[in-house]
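A.B. asks: This is the structure, below, for whatever I ask next.
The values are calculated or read from the model by the stated rules, or taken from the named source; none is laboratory data. This structure is a prediction, so every number in the text was calculated from the model and none was measured. In this analysis, Cβ positions are derived from the backbone assuming ideal geometry, glycine residues included, and neighbour counts consider all displayed protein chains. Ligands, DNA and RNA are excluded from the accessible area calculation, which covers all protein heavy atoms including side chains. Shrake-Rupley method; radii C 1.70, N 1.55, O 1.52, S 1.80 Å.
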Amino acid sequence: MARRHRHKHEEHVNHEAWAIPYGDLITLLLAFFVVMYAISSVNQGKYRVLSDSLISAFQGRPMTLKPVQVGEKQVGSGSDLNIEVTQRMIEGQPRELLETEQHVKPDLDRAGTQDEGAAQALEEVAGAFERAMSGLIEKDLVVIRRHGLWVEVEIRTDLLFSSGLAKLSDGATQVLQQMADTIKPFPNPIRVEGHTDDVPIRNSAYQSNWELSAARAATVVHLFTDRGVDPKRLSVIGLGQYRPLQSNTTPAGRNANRRVVLVILSGGSPPEGEYAKDRGKDEQSIAAPAATPVQ
């Protein structure tokens, strides 16, 4: 009789045993975060006041049509301030501090309104010059440039002065009188800048291009005041050859650099101020070899 052999089955190994402690760990983590969320709270009122204050301080008015909102608050609605005031009253904050905060947002709104008004006023000035000087603009004798805080009205000195002189040429008086009549109704301060090319000047009247550029700007200012423009709105700046628009290596470039520029500032600015720092960033001086002196 054949003997039966019992075969021992190998012991089964559970390869998924790790899932049990892993599941326990996930459950504990979930419970931990649920507890942390339950004991924490976000004061939306304080967050909104802080957010609006930082935006107003560093960026000014919102630059997009639909700023990012938190909850249902609308920018400028005052709901964020009311939430903060209520919270402060609950916490027993001084009433004086609450009254001070109530004035913060209206002041910021007024500042934004003033900026918009100044920009609109500058646009009106630029439009008035474009209408009055349309013929000279078409001939490229007058150029109008718009900037954020000022408007430039550039006049070629070929239209105003003869070479090496600060006396107005024939026909220049009528053009400047028309400009004076255009700017007189507006309150904006005006810087009158004289510019030259880099050709050294040699005559008995002016020692250098500094004096020539300043004298030309002063001539324009005198005509403006004689025409009724308030002298307190005006300032004279002589910049010589040190703010060129083009290279002085060509006749066309030198001609472009010989100019008088009316810099019309926003209504609340003095004739000389911080704007010059920002304006200097827009200008790039072009280094060029010295031209042959005029004999």
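A.B. asks: For segment 190-198, indicate whether the set of residues that are outside any helix (DSSP H, G or I), over 23 Å from residue 253 (Cα atoms), β-branched (Val, Ile, Thr) and in contact with a strand residue (DSSP E or B) (Cβ under 8 Å, 6 or more places away or on another chain) is non-empty.
C.D. replies: So far as segment 190-198 goes, yes, one or more of its residues are outside any helix (DSSP H, G or I), over 23 Å from residue 253 (Cα atoms), β-branched (Val, Ile, Thr) and in contact with a strand residue (DSSP E or B) (Cβ under 8 Å, 6 or more places away or on another chain).
A.B. asks: Same structure again: Among 151, 125, which is in a helix (DSSP H, G or I), open to solvent by less than 70 Å² (accessible area, probe 1.4 Å) and modelled with pLDDT of 90 or more?
C.D. replies: Every option except 125 fails the conditions.
A.B. asks: Something else now. Among the numbered criteria (1) of a type in the set (S, T, N, Q); (2) closer than 15 Å to residue 256 by Cβ; (3) open to solvent by 40 Å² or more (accessible area, probe 1.4 Å), which single criterion is violated by residue 157?
C.D. replies: The one condition residue 157 does not meet is (3).
A.B. asks: Collect the residues in segment 206-218 that are touching a helix residue (DSSP H, G or I) at 6+ places or on another chain (Cβ under 8 Å) and not aromatic (Phe, Trp, Tyr), keeping them in residue-number order.
C.D. replies: The answer is 216, and nothing else.
A.B. asks: When you check residue 183 against the structure, is it free of Cβ contacts under 8 Å to residues at least 24 places away in the same chain and either open to solvent by 80 Å² or more (accessible area, probe 1.4 Å) or β-branched (Val, Ile, Thr) (or both), yes or no?
C.D. replies: no
A.B. asks: Could I ask something else about it? Determine whether segment 200-211 contains at least one residue that is open to solvent by less than 40 Å² (accessible area, probe 1.4 Å), touching a residue at least 24 places away in the same chain (Cβ under 8 Å) and not aliphatic (A, V, I, L, M).
C.D. replies: So far as segment 200-211 goes, yes, one or more of its residues are open to solvent by less than 40 Å² (accessible area, probe 1.4 Å), touching a residue at least 24 places away in the same chain (Cβ under 8 Å) and not aliphatic (A, V, I, L, M).
A.B. asks: Now, a different point. Within segment 219-254, which residues are touching a helix residue (DSSP H, G or I) at 6+ places or on another chain (Cβ under 9 Å), open to solvent by less than 30 Å² (accessible area, probe 1.4 Å) and assigned to a helix (DSSP H, G or I)?
C.D. replies: Of everything in segment 219-254, those that are touching a helix residue (DSSP H, G or I) at 6+ places or on another chain (Cβ under 9 Å), open to solvent by less than 30 Å² (accessible area, probe 1.4 Å) and assigned to a helix (DSSP H, G or I) turn out to be 220, 221, 223, 224, 233.
A.B. asks: Could you list, in sequence order, the residues of segment 255-275 that are modelled with pLDDT under 90 and in a loop (DSSP other than H, G, I, E, B)?
C.D. replies: 266, 267, 268, 269, 270, 271, 272, 273, 274
A.B. asks: Cβ-Cβ distance below 7 Å, separation of 6 or more or different chains: which pairs start in segment 156-170 with a residue that is on the phi > 0 side of the Ramachandran plot and touching a residue at least 12 places away in the same chain (Cβ under 8 Å) and end on one that is outside any helix (DSSP H, G or I) and among the β-branched types (Val, Ile, Thr)?
C.D. replies: Sorted first by the residue in segment 156-170, then by its partner, the pairs are 164/201.
A.B. asks: Can you tell me which condition residue 193 does not meet? The list is (1) at pLDDT 95 or above; (2) touching a Leu at 6+ places or on another chain (Cβ under 9 Å); (3) open to solvent by 10 Å² or more (accessible area, probe 1.4 Å), and all the others hold.
C.D. replies: The number of the failed condition is (3).
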